[in-house]
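Chemist: Please read through the structure below; I'll follow up with questions.
The values are calculated or read from the model by the stated rules, or taken from the named source; none is laboratory data. Predicted, not measured: the structure shown is a model, and the values here were computed from it. Ideal geometry is used to build each Cβ from the backbone, glycine not excepted, and the neighbour counts take in all protein chains shown.
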Amino acid sequence: MYIATLSNRRSNSTLYTWLNFLHKPYFHNMIIILIFIPIVAIWAITVYNGLIGKKNNAEEAFSGIDVQLKKRWDLIPNLVAAVKEFMSHERGILEEITKLRGQAMQDNIGDQERFGLENQISSMLGKIKVAVEAYPDLKANNNVTELQHSLNEVEAQISASRRAYNAAVKSLNNAVEMFPSNIMANIMNMKTREFFEIPREERESVDVGALFDK
Amino acid sequence: MRDKDTLLEKLRPRLTEIETWRINQRAKGSKGTWIGTGIAALGGIFFLFFPPAGIVILIGGIITIIIVRATGYSKFKKRFKNEIFPIVIEEVQPGVNYNSDSHISKSTFHASRIFLQDVDRFNGEDYFSGTVGETHIEFSEIHAEDKQVRVDSKGRTRTEYVTVFKGLFFVTEFHKHFNGETYVLPDVTESWLGKFGRKLQKWNWSRPDLVELENVDFEKLFSVYGTDQIESRYLLTPKMMELIMELRSKFGCTTYMSFLNDKFYIALSSNHDFFELKFSESLMNSKGLERLIFELQTCFDIVEDLQLNTRIWSKD
């Protein structure tokens, strides 16, 4: 109505041209595009950065596990050296753990295989801890106690790193699989990651202190 | 602690003496209350004939009652805290220092970074400090308040003090080394808003990053923030999360914790006045003392409850 009145009165005016332009279909499309593109762009940037952040968190947590496992490698020879004179019956365990450590340290080994070996090392260390209890001389040995404390420390750090890694992987996997972030994840060719299997004995939150109180 | 009956037996001579004194004080208090009531009643009668004088006398009567009662209680509290409480403490936790008038300092309270609000009025009492096993612990009652000045629609200003924290505040050592900061705070958003609440927790800019832990029950009760995701999990092991939940239900208080600068801070929010005996209650009735011993024991048990004496990691 307003436009019609205007067109009658001032058909050649700039205002009319402008208002007429507003009614063209391509202008509507343009408006939609102008609003839609920034929204999509902001969403894409946010999701992209979020996914990259989550991937980096998972990688950082993974390297956290690696650092602690390497610290444990350094402690194992010292522990073996400290206890082997006393532990004549457990020579098999000591030899086995030394062998497993050597295998895990090889450069050409895959992650999955390596972590399998690390889990076996954890289990062997548990056996050594229990065995130490049978030797009063070893229990009273300051060097062994100190080494055990350092190992407990590293084990606690490994456990924390694994839990941090699994939390980071859960967050990443949710983003990769859930709508709408999965669209961006597909474009980025991002894949879900495997959770770190936590050995049963760690999940049961063993009271390690009890071993020393015996 | 030795047998409770032995302790009560040991305290009996002192208790009998203070009990006689308490009864006298109560009698004096009753006399003072009657006098105050009489004055107030007189004020009431005066009010009928000469209102201004009546009000003054009435207020005078009420003030007399308040002063008489408060003085009696304060004298009783002083005697009890100086003469009986130290003996109880020595039995419950030998070697612990106690100061009834002291409290955890304001700087320590702020250092915990549990409460980030301004604190303009800071009071407290019943300060304990000592070593349980291998762990040093100190705690006291604290009341921290923030002064808020409000202007109403008519332009009048009104000052009021809003409680930031009231309850028991503990500072202790943690049995593991740490470098970063970890906060365990009550979860308000998740318990109200569920998963959406968890998303909101991520936007708490006054805290470090949210640490999402795997214990669902723990997550419902607490929000954890930490500067290092691994370190926070190193401190909050699955076992530790269970122990914290047990501690929370044992005290039945809203629980706050922080780990920073090699210290472990615990704040238990409560309106209950801890470590007190009722002026109206007989000292020969052991219920009050038993409650006191229980409160004291429960506080020192925090070290064992959270297994802080376990020294199997690299920290001595």
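Chemist: Among the residues of region A:39-73 satisfying the criterion of being surrounded by 16 or more Cβ atoms within 10 Å (Cβ to Cβ) and of a type in the set (Lys, Arg), which is nearest to residue B:229 (Cα to Cα)?
Modeler: That would be A:54.
Chemist: Next question, about the same structure. Take residue A:130 and tell me if it is β-branched (Val, Ile, Thr) and within 14 Å of chain B (Cβ to nearest Cβ). Give the derivation first.
Modeler: Details: β-branched (Val, Ile, Thr): yes; within 14 Å of chain B (Cβ to nearest Cβ): no.
So residue A:130 does not fit the description; no.
Chemist: Also, I was wondering about something else. Take region B:77-104 and flag every residue that is surrounded by fewer than 16 Cβ atoms within 10 Å (Cβ to Cβ) and outside any helix (DSSP H, G or I).
Modeler: Of everything in region B:77-104, those that are surrounded by fewer than 16 Cβ atoms within 10 Å (Cβ to Cβ) and outside any helix (DSSP H, G or I) turn out to be B:94, B:95, B:97, B:99, B:101, B:102.
Chemist: Out of the residues in region A:13-50 meeting the condition of being within 30 Å of residue A:190 (Cβ to Cβ) and polar (S, T, N, Q), tell me which one is nearest to the chain's Cα centre (by Cα).
Modeler: My answer is A:49.
Chemist: Related question: From the residues in region B:133-153 that are free of Cβ contacts under 8 Å to residues at least 12 places away in the same chain and assigned to a strand (DSSP E or B), which one is nearest to the chain's Cα centre (by Cα)?
Modeler: Once the filter is applied, the top-ranked residue is B:149.
Chemist: Suppose we filter A:147, A:138, A:117 for residues that are part of a helix (DSSP H, G or I), more than 36 Å from the chain's Cα centre (by Cα) and either surrounded by 15 or more Cβ atoms within 10 Å (Cβ to Cβ) or in contact (Cβ under 8 Å) with a residue 40 or more places away in the chain (or both); which single one remains?
Modeler: On the way: A:147 fails: more than 36 Å from the chain's Cα centre (by Cα); A:117 fails: more than 36 Å from the chain's Cα centre (by Cα).
Testing whether each residue is part of a helix (DSSP H, G or I), more than 36 Å from the chain's Cα centre (by Cα) and either surrounded by 15 or more Cβ atoms within 10 Å (Cβ to Cβ) or in contact (Cβ under 8 Å) with a residue 40 or more places away in the chain (or both) leaves just A:138.
Chemist: So which residues in region A:170-184 are out of contact with any Ser or Thr (no Cβ under 9 Å at 6 or more places or on another chain) and within 11 Å of residue A:50 (Cβ to Cβ)? Even if it seems obvious, please write down each step before you answer.
Modeler: Residues of region A:170-184 out of contact with any Ser or Thr (no Cβ under 9 Å at 6 or more places or on another chain): A:170-171, A:178-184.
Scanning region A:170-184 gives A:171, A:181, A:184.
Chemist: From the list A:185, A:160, A:175, which one is within 9 Å of chain B (Cβ to nearest Cβ) and touching a helix residue (DSSP H, G or I) at 6+ places or on another chain (Cβ under 9 Å)?
Modeler: Of the residues listed, the single one that is within 9 Å of chain B (Cβ to nearest Cβ) and touching a helix residue (DSSP H, G or I) at 6+ places or on another chain (Cβ under 9 Å) is A:160.
Chemist: Does any residue of region B:38-51 turn out to be surrounded by fewer than 15 Cβ atoms within 10 Å (Cβ to Cβ) and not in a helix (DSSP H, G or I)? Break it down stepwise before answering.
Modeler: Looking only at region B:38-51, we keep the residues that are surrounded by fewer than 15 Cβ atoms within 10 Å (Cβ to Cβ), and these are B:38, B:41, B:44-45, B:48-51.
Going one step further and asking which of them are not in a helix (DSSP H, G or I), we end up with B:50.
Yes, because at least one residue in region B:38-51 is surrounded by fewer than 15 Cβ atoms within 10 Å (Cβ to Cβ) and not in a helix (DSSP H, G or I).
Chemist: Residue by residue through region B:103-122, note down the ones that are within 18 Å of residue B:265 (Cα to Cα), in contact (Cβ under 8 Å) with a residue 12 or more places away in the chain and under 17 Å from the mean Cα position of the chain (by Cα).
Modeler: The answer is B:103, B:104, B:106, B:108, B:109, B:112, B:114, B:115, B:119, B:122.
Conditions tested, residue by residue: (1) of a type in the set (Val, Ile, Thr); (2) modelled with pLDDT of 85 or more; (3) over 27 Å from residue A:194 (Cα atoms); (4) in a helix (DSSP H, G or I).
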| site | (1), (2), (3), (4) |
| --- | --- |
| A:56 | no, yes, no, yes |
| A:63 | no, yes, no, yes |
| A:71 | no, yes, no, yes |
| A:94 | no, yes, yes, yes |
| A:129 | no, no, yes, yes |
| A:143 | no, no, yes, yes |
